[in-house]
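Colleague: Could you have a look at this structure, given as structure tokens, before my questions?
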């Protein structure tokens with residue numbers, strides 16, 4: 001059976017390193033998608049307060065979007081992939097570090 005490993009990272013600058021290390025360990029075929037978290041989405045939807053307006057006026061950089069990595073992989077590769085994520089990304093239990101979970105794939109086509 002295959003699993004869908006999903007990793008959502010706030011630090012998008014480590015995504016390339018993570019993908020490289022996964023490939024080195026034989027975990028291939030992932031996709032990277034840019035995402036917007038709920039907090040940022042709600043902030044963007046609300047009216048700007050005075051602090052936000054001043055920040056925009058002086059050109060402060062917007063917060064980068066998160067990246068979501070999705071990889072369909074055989075169940076026997078799941079632990080290897082998790083180990084690589086921990087190696088590259090560190091402790092995901094820390095606030096704003098990221099999220100990782102896996103879901104069983106009950107149906108698929110085109111996965112080798």
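Every number here is computed from the coordinates shown, using simple stated rules; none is lab data. Quick caveat: nothing in here was measured; it's all calculated off a predicted structure. We place every Cβ from the backbone using ideal geometry, glycine too, and count neighbours over all the protein chains shown.
Colleague: With 10 angstrom as the radius, rank 2, 86 by how many other C-beta atoms surround their C-beta, starting from the fewest. Write out the running numbers ahead of the final one.
Modeller: Details: 2 19, 86 12.
If I rank by nearby Cβ atoms, fewest first, I get 86, 2.
Colleague: For each of 68, 1, count neighbouring Cβ atoms within 10 Å of the residue's Cβ, then give the residues from fewest to most.
Modeller: Least to most surrounded, the residues fall as 1, 68.
Colleague: Using a/c under 1.5 as the rounded threshold, could you call the stretch 1-40 rounded, prolate or oblate? The axes a ≥ b ≥ c are square roots of the C-alpha gyration tensor eigenvalues, and prolate needs a/b larger than b/c, oblate otherwise.
Modeller: Oblate, because a/c is 1.5 or more while a/b does not exceed b/c.
Colleague: Using 0.36 nm times the number of residues separating residue 80 and residue 97, minus their current alpha carbon distance, what extension gain do you get?
Modeller: Details: separation 17, 0.36 × 17 = 6.12 nm, distance 1.99 nm.
Going from the current span to full extension adds 4.1 nm.
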